Amino acid sequence: MHIDKIKINNFKNYISTEVRFSNKINFLFGNNGAGKTNLLDAIYYLSYGKSAINNFDSDNIFTEKSFFKIEGDYSNNLSYKCTFEQPNIKKIFENNDKYSKVKDHLGKIPLVFINPYDINLIRNYSSERRRFFDQLLSQIDKNYLDNLIAYNRLIKQRNAYLKSLSSIESIDRKYLKVYDEKLIKLNYYIHKFRNEEVKKFGKTFNKISSELNKSKDDFSILYSSNFNEKMSHEVYEKYLEKDFYTKKTNIGIHNDDYMFKMKNKLIKRIGSQGQQKTFIISLKLSEFYLLKEKLLITPIVLLDDIFHKLDDIKIKILINYILKDEFSQIFISDSIEDRLNEIKKIIKQVKIINIDKGKINEE
Ligand SMILES: Nc1ncnc2c1ncn2[C@@H]1O[C@H](COP(=O)(O)OP(=O)(O)O)[C@@H](O)[C@H]1O
Ligand SMILES: [Mg+2]
């Protein structure tokens with residue numbers, strides 16, 4: 001899959017822009033703050049119906065405007081359009097048909113975005129890692145997404161009930177049991193799915209990371225959960241007192257984590273910046289292969305400032321890696337001219353897109 005053309009209005013620092021892309025390698029070149037990441041984020045937006053960087057859509061609107069619009073023409077002869085209007089109206093269209101739900105768009109244009117903010121996947125709390133795997137697994141299985149939405153709704157309601165209680169004696173156990181029986185079933189399904197898929201993902205991940213990592217840093221991913229498939233709804237009775245005092249549900253897949261390890265220790269603790277970066281790149285390339293295998297479409301790949309903090313050897317390995325035939329369209333952004341010249345030498349056909357303060361110049 002590739003995007004042939006994008007049209008952007010009022011998105012971040014682009015007021016009105018139209019660009020055509022190469023179906024192979026596109027190189028976005030410009031100084032810091034020029035708008036390279038913003039352009040990549042606009043391409044991401046068309047795939048996921050949200051920004052990879054800002055949680056609040058209103059932050060993506062060009063200052064003092066009241067809406068933004070992003071339109072893309074794709075190689076499957078379809079065009080997609082995302083619009084957002086203040087205060088909070090988001091619409092996504094395939095050709096000119098509006099989706100009734102944003103989630104129906106998920107998986108139509110598979111895309112993998114590697115950007116400097118990914119380091120948060122390593123450094124931040126488990127919720128970041130859950131979000132990464134949930135987004136991936138939701139694209140490959142709609143049933144997973146539906147079950148996850150149902151689970152999150154039930155947990156929210158159960159926690160609201162726990163918060164509303166004034167004393168432990170006032171708990172209506174029959175009422176809670178209705179929740180608990182439903183939650184156990186969903187826990188079972190989601191836990192099993194995560195466990196199996198992460199095992200498969202881990203195999204691909206190990207292969208890629210040892211290829212990118214000639215120094216054998218021994219990376220691994222371990223799924224960890226306080227739920228196990230042998231539990232019944234009685235586990236909630238056991239934890240009821242704790243749930244009451246902490247005002248939340250203590251057992252369940254909403255607490256899961258994925259441990260990112262190097263030599264059996266958390267890479268967060270012992271990994272250098274370069275090692276953490278190689279970990280993230282391996283993670284995202286595994287995402288690429290999983291999406292490709294399950295959706296039977298080659299995802300678009302966005303590489304934002306990916307060479308920064310990598311040594312020359314790693315950069316060479318990486319460039320040669322992405323030149324494999326398995327990849328389709330790739331976007332690379334960088335602000336260093338030497339690196340652009342180096343890439344021009346290795347990659348014969350590359351479209352250069354010069355960016356300066358939200359203005360685009362195609363070569
Ligand atoms: N909503 C917005 N309205 C106007 N400008 C914005 C908005 N969001 C971000 N910007 C501007 O975009 C620029 C950063 O662009 P970015 O794509 O991150 O640059 P880079 O080329 O370094 O990747 C900054 O100058 C920032 O002020
Ligand atoms: Mg940037």
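A short reminder: the numbers here are calculations on the coordinates, not readings from a lab. Keep in mind the model is a prediction, meaning the values are calculated, not measured. As a convention, Cβ positions derive from the backbone with ideal geometry for all residues, glycine included, and neighbour counts pool all protein chains shown.
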Study note, to complete from the structure: Taking a ≥ b ≥ c as the square roots of the eigenvalues of the Cα gyration tensor, with a/c under 1.5 meaning rounded and otherwise prolate when a/b exceeds b/c and oblate if not, the stretch 1-139 is rounded
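Run through the DSSP bridge list for the chain and note the antiparallel percent, rounded to the nearest 5.
Here the antiparallel bridges make up roughly 70 percent for the chain.
What translational D, rounded to a whole number of µm²/s, comes out for the stretch 3-42 from Stokes-Einstein when the hydrodynamic radius is the Kirkwood one over Cα pairs, at 10 °C and 1.306 mPa s?
Estimated diffusion coefficient is 146 µm²/s.
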Practice item. Take the Cβ-Cβ distance between LYS192 and ASN88 as r, set R0 to 51 Å, and report the resulting FRET efficiency rounded to the nearest 0.05. Key: 0.90
Revision key, fill the gap. With label points set 7 Å from each Cα along the Cα-to-Cβ direction at ASN354 and GLU241, the distance between them in nm comes to 7.3
Review point. How big is the charge dipole of the stretch 120-296 about its Cα centre, in debye rounded to the nearest 20, if each Lys and Arg gets +1 on its Cβ and each Asp and Glu gets -1 on its Cβ?
Key: 500
Check your understanding: On alpha-carbon atoms, Rg over Rh for the chain using Kirkwood Rh?
Key -> 1.01
Study note, to complete from the structure: Gyration tensor on Cα atoms of the stretch 244-295, a ≥ b ≥ c root eigenvalues, a/c under 1.5 rounded, else prolate if a/b beats b/c, else oblate, says oblate
Check your understanding: Dipole of the chain, Cα-centred, from +1 at each Lys and Arg C-beta and -1 at each Asp and Glu C-beta, to the nearest 20 debye?
Key -> 620
Review point. Using a basic spin-label model with each label point 7 Å from the Cα along Cα→Cβ, how many nm lie between ASP325 and PHE56?
Key: 5.0
Check your understanding: Which distance in nm do the two modelled labels at LYS182 and LYS203 give, with both placed 7 Å along the Cα-to-Cβ direction?
Key -> 3.6
**Study point:** Debye intensity ratio in log₁₀ form over the Cα atoms of the stretch 191-303, taken at each q of 0.15, 0.24 Å⁻¹
**Key:** -0.78, -1.29
Review point. Which of the peptides 329-342, 295-308 is most tightly packed, and how do the rest follow, going by the mean number of other Cβ atoms within 10 Å of each residue?
Key: 295-308, 329-342
Check your understanding: Based on the inverse mean of 1/r over its pairs of different Cα atoms, what is the Kirkwood hydrodynamic radius of the stretch 116-253, in Å?
Key -> 17.0
Exercise for review: State the answer as a single residue: which of TYR179, LEU78, LEU285 lies farthest towards the positive end of the charge dipole of the chain, with beta carbon charges of +1 for Lys and Arg and -1 for Asp and Glu, about the Cα centre.
Suggested key: TYR179
Point to revise | Listed residues PHE93, GLY30, ASN354: farthest to the positive end of the dipole of the chain (Cβ charges) | key: PHE93
Revision key, fill the gap. Dividing the helical contributions, -39500 (n - 2.57) per DSSP H run of n ≥ 4, by the residues of the chain yields a 222 nm value, nearest 500 deg cm²/dmol, of -14000 deg cm²/dmol
Point to revise | Calculated over the stretch 258-363: convex hull of Cα atoms, volume per residue (Å³) | key: 150
Study note, to complete from the structure: Here the FRET efficiency for GLU169 versus SER232, based on Cβ atoms and R0 = 22 Å and rounded to 0.05, is 0.35
**Study point:** Efficiency of FRET between LYS216 and ASN31 - r from beta-carbon atoms, R0 35 angstrom, step 0.05
**Key:** 0.40
